[in-house]
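In what follows, a single structure is set out as structure tokens and then discussed.
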Amino acid sequence: MRAVLIKDEKGPIESLYLGEAAKPTPGPEEVLVKVKAFGLNRMDILQREGRYPVPPGTSKILGVEFSGRVAATGESVTACEKGDEVLGLASGGAYAEYITVPQKNIMQKPDHLSWVEAASIPENFLTAFQALVVIAEVKRGDNVLIHAGASGVGVAAIQLVRLYGANTVTATASTAEKLSWLLSIPNGATHVVNYTTQNFADEVKKTTNGKGVDVIIDFVGQSHWHKNIDALAVDGRMTMLGLLSGGEVGNFNLGPLLYKRLRIQGSTLRARSAAYQADLIDRFKRDALGKITGSNGDGALRTYIHKVYPWTAIQEAHREMEENKNIGKIVAEVA
């Protein structure tokens, strides 16, 4: 089969190329999917650069989310049949014509979603759902702060916050264009902060009458740490999903963790066990999948596509993400 490969297994954007790879064969509990589209994620860039080791036994081909049509099933598969239209979450291998995944890692594609829209859902919405609902236990009346608000996960998280009845949701971004867009979309942010020119801890205190936020979702790490702790309310919860600015914090006073009774938890999804991912996907299907529409739909949750590339232009797609130009999701179509 054809797949997007990396010269010398790691390197810059120019190391990506379309080449030949072995077509996978499904095991007894696995499904073989002919990929129609796949989503891009920050971890793809890190993996390409050799800074994101893949879980043991996982395909070294990039990509963790996809949409496509079932091409074959293992002998013990009962969740789908050949020809079914699906979307799914993988530990790797989505930048390819075919991919195998456990049957519990796929979801039937809603008829109203295109292949591109469906491919934009798994990693974005499952990561946001896990961080907000499963870990931070967001609830009605909460005040929430979402960093990297214009990213795919950020946009999904903002909408989920609104779905679960939070009081306010403040999103951070680095440009006026992104901030304006986040305020304009249905079920978007109630407040925005330009983290390059404003102190987001001070800003969320203004919008919460000095209380601070109950929940923070952070991808950034080091540069945001002190302000995140300052921004959290008593009994606040923070889920950390990334360390884009680094992982070492100096001169940190532990006092606020104690007297504000803070709960801080890191989270990954790709390296979770098959059983954990299956349970998460099952809960997401019950609680959220049916509420997702395309960007022109009227559902409580919507897909937002920044740009669609043919997979032959994968270098351009990676460059768009590296330059932080995207508002919403970047998706590639497999021809």
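The values are calculated or read from the model by the stated rules, or taken from the named source; none is laboratory data. Quick caveat, the model's predicted, so the values are computed rather than measured. Because the Cβ atoms are built from the backbone with ideal geometry, glycine has one as well, and the counts that use them run over all protein chains shown. Ligands, DNA and RNA are stripped out before the accessible areas are found, and what is left, the full protein with its side chains, is counted by its heavy atoms. Shrake-Rupley method; radii C 1.70, N 1.55, O 1.52, S 1.80 Å.
Every condition in (1) farther than 30 Å from P12 by Cβ; (2) touching a helix residue (DSSP H, G or I) at 6+ places or on another chain (Cβ under 7 Å); (3) among the charged types (D, E, K, R) holds for E65 except the one numbered (1). Of the numbered criteria (1) out of contact with any strand residue (DSSP E or B) (no Cβ under 7 Å at 6 or more places or on another chain); (2) open to solvent by 20 Å² or more (accessible area, probe 1.4 Å); (3) touching a residue at least 40 places away in the same chain (Cβ under 8 Å); (4) of a type outside the set (S, T, N, Q), the one V155 fails is (2). Screening M238 on (1) touching a helix residue (DSSP H, G or I) at 6+ places or on another chain (Cβ under 8 Å); (2) at pLDDT below 95 shows it passes everything except condition (2). In this structure, is V138 over 15 Å from the mean Cα position of the chain (by Cα), open to solvent by 10 Å² or more (accessible area, probe 1.4 Å), in the same structural domain as L179 (by the TED database) and touching a residue at least 40 places away in the same chain (Cβ under 8 Å)? It is true that V138 is over 15 Å from the mean Cα position of the chain (by Cα), open to solvent by 10 Å² or more (accessible area, probe 1.4 Å), in the same structural domain as L179 (by the TED database) and touching a residue at least 40 places away in the same chain (Cβ under 8 Å).
Scanning region 239-267 for residues being touching a residue at least 24 places away in the same chain (Cβ under 8 Å), among the hydroxyl-bearing types (S, T, Y) and surrounded by fewer than 16 Cβ atoms within 10 Å (Cβ to Cβ) gives a total of 1. Only a single item in (1) within 18 Å of the chain's Cα centre (by Cα); (2) within 20 Å of Y276 (Cα to Cα) is not met by S120, and it is number (2). Screening H112 on (1) crowded, with 21+ Cβ neighbours inside 10 Å; (2) within 24 Å of K291 (Cα to Cα); (3) out of contact with any Cys (no Cβ under 9 Å at 6 or more places or on another chain) shows it passes everything except condition (1). Consider T196 carefully, then state whether it is under 22 Å from R140 (Cα atoms) and either assigned by the TED database to the domain that holds S245 or of a type in the set (A, V, I, L, M, F, W, C) (or both). No, not satisfied. Scan region 61-75 for residues that are assigned to a loop (DSSP other than H, G, I, E, B) and of a type in the set (D, E, K, R) and the total you get is 1.
Tell me, which residue of region 78-112 that is among the aliphatic types (A, V, I, L, M) and assigned to a strand (DSSP E or B) is nearest to L18 (Cα to Cα)? Per the stated criteria, the residue is A96. If you go through region 24-60 and keep only what is open to solvent by 20 Å² or more (accessible area, probe 1.4 Å), assigned to a loop (DSSP other than H, G, I, E, B) and of a type in the set (A, V, I, L, M, F, W, C), you end up with just V54. Which of the residues that make up region 204-234 are β-branched (V, I, T), open to solvent by less than 10 Å² (accessible area, probe 1.4 Å) and part of a helix (DSSP H, G or I)? V204, I229, listed by residue number. Among A119, A94, A128, which is the only one that is under 27 Å from K178 (Cβ atoms), crowded, with 24+ Cβ neighbours inside 10 Å and touching a helix residue (DSSP H, G or I) at 6+ places or on another chain (Cβ under 7 Å)? Just a single option satisfies the conditions, and that option is A128. The sole residue among T78, T73, T100 that is surrounded by fewer than 22 Cβ atoms within 10 Å (Cβ to Cβ) and touching a residue at least 60 places away in the same chain (Cβ under 8 Å) is T100. Restricting attention to region 1-23, the residues being open to solvent by 50 Å² or more (accessible area, probe 1.4 Å), over 25 Å from V70 (Cβ atoms) and touching a strand residue (DSSP E or B) at 6+ places or on another chain (Cβ under 7 Å) number 2.
Restricting attention to region 275-325, the residues that are open to solvent by less than 30 Å² (accessible area, probe 1.4 Å) and either more than 15 Å from I158 (Cβ to Cβ) or out of contact with any Ser or Thr (no Cβ under 9 Å at 6 or more places or on another chain) (or both) add up to 18.
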